[in-house]
Amino acid sequence: MVNELKELMRQNVAAPPPDDLDLSALVGLGRRRVRRRRTAVVGGVAAVVAVVVAGTVVSWPQDSARTGLADRPPAPDAPTIGLADADRAVEGRDYRVVASHTNDDLDSDNGQYLDGVTDDGLVLFRDGPRADQLYPRMALVDPATEEKDWLPDLDIGQAQTWPVQLGVDRLVLIGADSPSDDVPDPGDGPRLVLSAFVFDRATRQWSTVTWPSLPDVRDPHAVVGPDDRLYVFVPAKTGKPPAGGWPTGPDGEADDADAEGSTYHLWSVSLTDGSDARDEGMTVGDLAFTDSSMVWTDSSNGAAGLVHVRDLATGAEHSFDPHAGEKCNLLSFGATDDRVVLSQYCGTYAAGVRDDRVQILTTAGDQVVTIQDSGIDGSVGYLGGRDLVTLSAYGPDGAGTYVYDLGTNQFLQVSDAMSSWSSGGPTPDGMFFSNTPVNSRHGSTQTLGELLR
């Protein structure tokens with residue numbers, strides 16, 4: 001869920017906690033307490049806790065005639081299923097638990113987290129920062145023995161980082177900080193300087209890479225390509241709320257179903273040479289790589305536009321219309337060698353029912369299936385291996401974590417509740433994270449599972 005974390009990244013790195021521990025700031029920093037990315041278009045500001053929209057809003061008119069909305073969401077132009085169509089997974093038969101960790105009270109203090117899985121099956125464990133652990137430390141954990149191999153300290157103070165590659169030879173984390181100059185905020189979000197922190201697993205040494213010629217970013221959003229370069233999103237056009245702000249639904253969230261999307265200039269940088277940064281000459285919305293292709297949309301956090309696919313070996317390109325709903329906003333995006341996955345919000349209807357969709361197509365543009373329900377998010381390639389779509393359901397009916405196997409089309413519910421705190425990271429194929437509440441929802445149990453096939 002890289003896209004789902006964008007707004008939290010922006011909030012955290014825009015105002016990092018000071019070197020002397022401020023517990024209230026530390027709790028505010030938190031660890032990925034997220035429900036929605038919906039507020040990302042509202043002036044670029046969001047409160048992560050409880051997802052409060054910053055800025056002026058107008059009340060939600062309850063009369064469907066005034067809103068122009070039907071009583072029920074429209075049916076997608078695709079084979080469609082809902083959460084009720086999922087089979088309940090059974091541990092030991094359908095999946096196994098690889099590792100788990102519980103934080104009892106994340107409302108009071110930061111905690112410890114499973115931040116992803118390396119390609120050779122070790123879990124990246126992060127501890128802090130928190131009240132009795134002022135600076136974050138990391139370990140690689142063998143899930144079979146639970147033995148922790150603590151890594152050398154990464155000297156970054158209390159700044160937060162996010163893994164973008166957990167390989168056999170190296171770990172790559174990214175973060176961002178405010179620039180040292182006094183150039184004012186241009187009005188569409190803070191200016192941030194991107195950094196990469198690379199851990200060489202053979203030498204057990206950290207190195208930090210920055211790129212003086214890389215333009216400032218708005219959040220530390222980047223993906224590693226098959227060529228081992230980091231592809232960075234530099235803001236081009238930022239979608240903005242309409243005059244007067246977005247209306248809000250019965251749940252208090254902004255209904256930005258007709259949002260204008262955002263676009264980015266695509267740059268790529270070397271992870272070993274700070275002088276190697278190049279403008280790729282492309283404007284994209286969202287972007288994903290497979291082993292053989294590069295896939296992108298025209299826009300993000302709004303109408304996706306077309307989906308474009310480039311063969312990395314031949315350079316041949318083709319594009320297709322995904323036939324998303326006319327009001328659907330792209331919230332997250334991913335791809336495999338033969339599938340494209342778009343997670344979208346498409347409006348709020350009578351009684352607060354949301355039209356949320358996870359749309360799965362072939363890379364040729366053929367409709368495979370759309371999962372449509374109220375209060376769902378889906379992602380591929382980050383919180384689960386690229387062969388799985390991991391869905392988080394927050395509605396009153398069917399809450400929990402679900403997985404859709406792109407290879408077998410099997411749809412499973414693996415938990416029956418969702419924590420307010422969501423965390424995870426990159427995983428190999430077949431693995432997924434789930435987060436369930438504990439201690440009257442003050443805490444969370446994070447579970448790493450693996451499908452049994």
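What the table shows:
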| read-out | value |
| --- | --- |
| The stretch 87-163: Rg to Rh, with Rh as the Kirkwood radius over Cα pairs | 1.03 |
| Residues whose placed amide H lies under 5 Å from that of Thr363, excluding near-sequence neighbours | Arg339, Val340 |
| Amide H within-cut-off set for Tyr135, under 5 Å, with H built and near neighbours excluded | Arg130 |
| Per-selection metrics, the stretch 236-320 (Cα): Rg and Dmax in Å | 16.8, 50 |
| Residues Glu326, Glu280 arranged by fewest to most Cβ contacts within 10 Å | Glu326, Glu280 |
| For the stretch 399-410, Karplus couplings with θ = phi - 60° (6.51, -1.76, 1.60), whole Hz, Gly/Pro x | 4, x, 9, 10, 10, 10, 7, 5, x, 10, 6, 6 |
| Span from the the stretch 365-400 Cα centroid across to the the stretch 192-261 one, whole angstrom | 22 |
| Debye intensity ratio in log₁₀ form over the Cα atoms of the stretch 221-264, taken at each q of 0.25, 0.30 Å⁻¹ | -0.88, -1.03 |
| For q = 0.09, 0.16, 0.19 Å⁻¹, Debye-computed log10 I/I(0) when each Cα of the stretch 75-212 counts as one equal scatterer | -0.43, -0.97, -1.14 |
| Fewest-first sequence of Phe320, Phe125 by Cβ atoms within 10 Å of each Cβ | Phe320, Phe125 |
| ³J(HN,Hα), Karplus 6.51/-1.76/1.60, whole Hz, each residue of the stretch 295-311, x for Gly, Pro | 10, 8, 10, 6, 8, 9, 6, x, 4, 6, x, 7, 9, 10, 10, 10, 6 |
| Amide H partners (placed H, <5 Å) of Ser100, local residues excluded | Leu448 |
| Radius of gyration and maximum dimension Dmax of the stretch 311-453, Cα, Å | 15.8, 55 |
| Pairs of Cα atoms farther than 18 Å apart, the stretch 370-438, % | 30 |
| Per-residue ³J(HN,Hα) for the stretch 361-376, Karplus 6.51 cos²θ - 1.76 cosθ + 1.60, θ = phi - 60°, Hz, x for Gly and Pro | 10, 7, 5, 8, x, 7, 6, 9, 6, 10, 8, 10, 6, 9, x, 10 |
| Shape metrics for the stretch 222-364, restricted to C-alpha atoms - Rg then Dmax, Å | 16.7, 55 |
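Computed from the coordinates by the stated procedures, all read-outs in this text should not be read as laboratory data. Because the structure is predicted, anything quoted here is derived from the model rather than measured. As a convention, Cβ positions derive from the backbone with ideal geometry for all residues, glycine included, and neighbour counts pool all protein chains shown.
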